[in-house]
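*Asks:* This is the structure I have questions about; it appears just below.
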Amino acid sequence: MATLKSSIVRNGLSPYALAIPPFLLFLFAWVFPPSLYTHYIREPDLMYLNPGALVYFILCLIAFLAGVKAVSILGFQGPRGSLEKIKLRTSSPLSYLAKPLFVTGSACFFYMLLIGAKFNFISLLLSQQGNVMKQAHISAANGPDANGRWGASLFLLTGVLWWAWYRASQLNLRKASKRAFNVLFIICCLIDLFTCLATVDRTNLMPYIAGLSITALFLKTRASDARPGKLIVTTLISAGAVIGSFLALQFARGASHFDAFVTSMLGYTIVSFNRLAAFVDGSLHSAYEGRGAYVFAFLLQNGRFAGLRHTLQLPTSFGLWTSEFPALEEAGLNHSFNWAGVFGYLYSDLGWWTPVYTFAIGMLAGYAWYCFKSGKTIGIVLYPWVCFWILFWFGWNLLFDARGIALFQAAVLLYIYDKIYIRTLREPVAVRPILHSSWEVYGQTIAVVPAAAVIVPIPAPLAAGD
């Protein structure tokens, strides 16, 4: 039982475990009462006990888990013990942690000021006019980023916050340094939080909170006093924070009574599986299906790929988004909710070949999990994003959108930074020496290894009656 508990504690954040909640949500949608669904969403329930949707989702899930397992079979398993400490080439751990935080925090603060110069976002949020800001952001830049490249600073800071918390736990910060780091870290967290609120975008705020929660939970699992009960409490608090942030933004965008909250919660969770069922049944068709628009979203969000988009006959991200609403109306579905779920969008591009894609992403997730456990910079920054993508299977395929690219850039920059500052230490390897001579001293047999002059005590055999 102790071994089982330890395994659960140390693997509770693995891709295997994280795939359970979205699968349970899918099953909940699959059996959700059709009359209740139609009452709140105002559309037919195509998902109820739909065999095609069930088979398709399970195939995608099995392929994903097989990809994760394949990475483990190849030998990328990572350490199972406590988190390893790191040694730096500098004498100031605080300086090592503070530089990336200060740079990205300053950039994100400036981005927040740019938003604030256009909108009094605090008063708009408090007056439940968040939709005004959301539409203004979309219209201003023909996409979700209203201030050009400055928008990338938000997710650069997010990645650095995840990295800084992980690395701080691997360093022995002294009291003054620890206090200074905590102050700087909290300030940067607040900058990130208010910038997310200013964009009124759930998919900015929720990954930020989820990533911090995942990092905190992982560090707790590697503590010597890790207990399932404590971790369950922390998990519930983290889940409550994510759900609370979602509800807060819903309130800011006008949902102020019970029915509106229920409709909103259903509309942004199980309704996406109804669109998945419509794709599988053939009643819903995307205007750009089969062209890869949902597989690699960053191609649609970056102006540098305009030529490639033209060649592939792909729209901008704004054009793709607006094309979804007429398609939903033609299918007889409520166009107020356009999410089709990750597997739904992938079906639009890949059809029944989607499990091949999810197998490859499973390998990516498995390798990111290995790097995260091993304390490798790439894993520290990217695995929380992969975790959110898994938990967000009811949303859209944001794994390779502009925010994912910004996090990848942060991971590369921090990898270079760590190469400069971290001094790699090799753990001593236990080797069974070849014994050349031995003699007895004070009742123990002593063996001598001439090359290393290492003395290894070998207990003498116990005599009868000892």
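The values are calculated or read from the model by the stated rules, or taken from the named source; none is laboratory data. Since this is a predicted model, take the numbers as computed values, not measurements. In case anyone asks, the SASA skips ligands and DNA or RNA and just uses the protein heavy atoms, side chains included. Shrake-Rupley method; radii C 1.70, N 1.55, O 1.52, S 1.80 Å.
*Asks:* Check which residues have an amide H placed less than 5 Å from Leu88's amide H, if you skip close sequence neighbours.
*Replies:* For Leu88, the qualifying residues are Arg423.
*Asks:* Output ³J(HN,Hα) for region 348-356: one whole-Hz value per residue in order, computed from phi by the Karplus curve 6.51 cos²θ - 1.76 cosθ + 1.60 with θ = phi - 60°, and x for Gly and Pro.
*Replies:* Those phi angles translate into 4, 8, 10, x, 6, 7, 4, x, 5 Hz.
*Asks:* Could you give the length gained by full extension between Leu74 and Arg179, i.e. 0.36 nm per residue of separation minus their alpha carbon distance, to one decimal place?
*Replies:* On the way: separation 105, 0.36 × 105 = 37.80 nm, distance 4.23 nm.
Between Leu74 and Arg179, full extension yields an extra 33.6 nm.
*Asks:* I would also like to ask the following. So between Arg42 and Thr311, what do we pick up on full extension, going 0.36 nm a residue minus the alpha carbon distance? Can you show the working numbers first?
*Replies:* Values: separation 269, 0.36 × 269 = 96.84 nm, distance 3.89 nm.
Result for the pair: 92.9 nm of gain on full extension.
*Asks:* Let me ask something else. Test of understanding: what is the full-extension gain from Gln170 to Lys87, defined as 0.36 nm times their sequence separation minus their Cα-Cα distance? Could you put the intermediate results ahead of the total?
*Replies:* Numbers: separation 83, 0.36 × 83 = 29.88 nm, distance 0.87 nm.
Here the answer is 29.0 nm.
*Asks:* Heavy-atom accessible area per residue, region 361-410, 1.4 Å probe: how many Å²?
*Replies:* On the way: 1220 Å² over 50 residues.
So region 361-410 comes to 24 Å² accessible per residue, rounded to a whole number.
*Asks:* Sticking with this structure for a sec: Listed here are the pairs Lys373/Lys419; Lys69/Lys419; Lys175/Lys376; Lys178/Lys220; Lys99/Lys373; Lys99/Lys175; which of them are more than 21 Å apart at the Cα? Mind dumping the intermediate values first?
*Replies:* Values: Lys373/Lys419 18 Å; Lys69/Lys419 29 Å; Lys175/Lys376 26 Å; Lys178/Lys220 18 Å; Lys99/Lys373 24 Å; Lys99/Lys175 19 Å.
In this structure, Lys69/Lys419; Lys175/Lys376; Lys99/Lys373 exceed 21 Å between Cα atoms.
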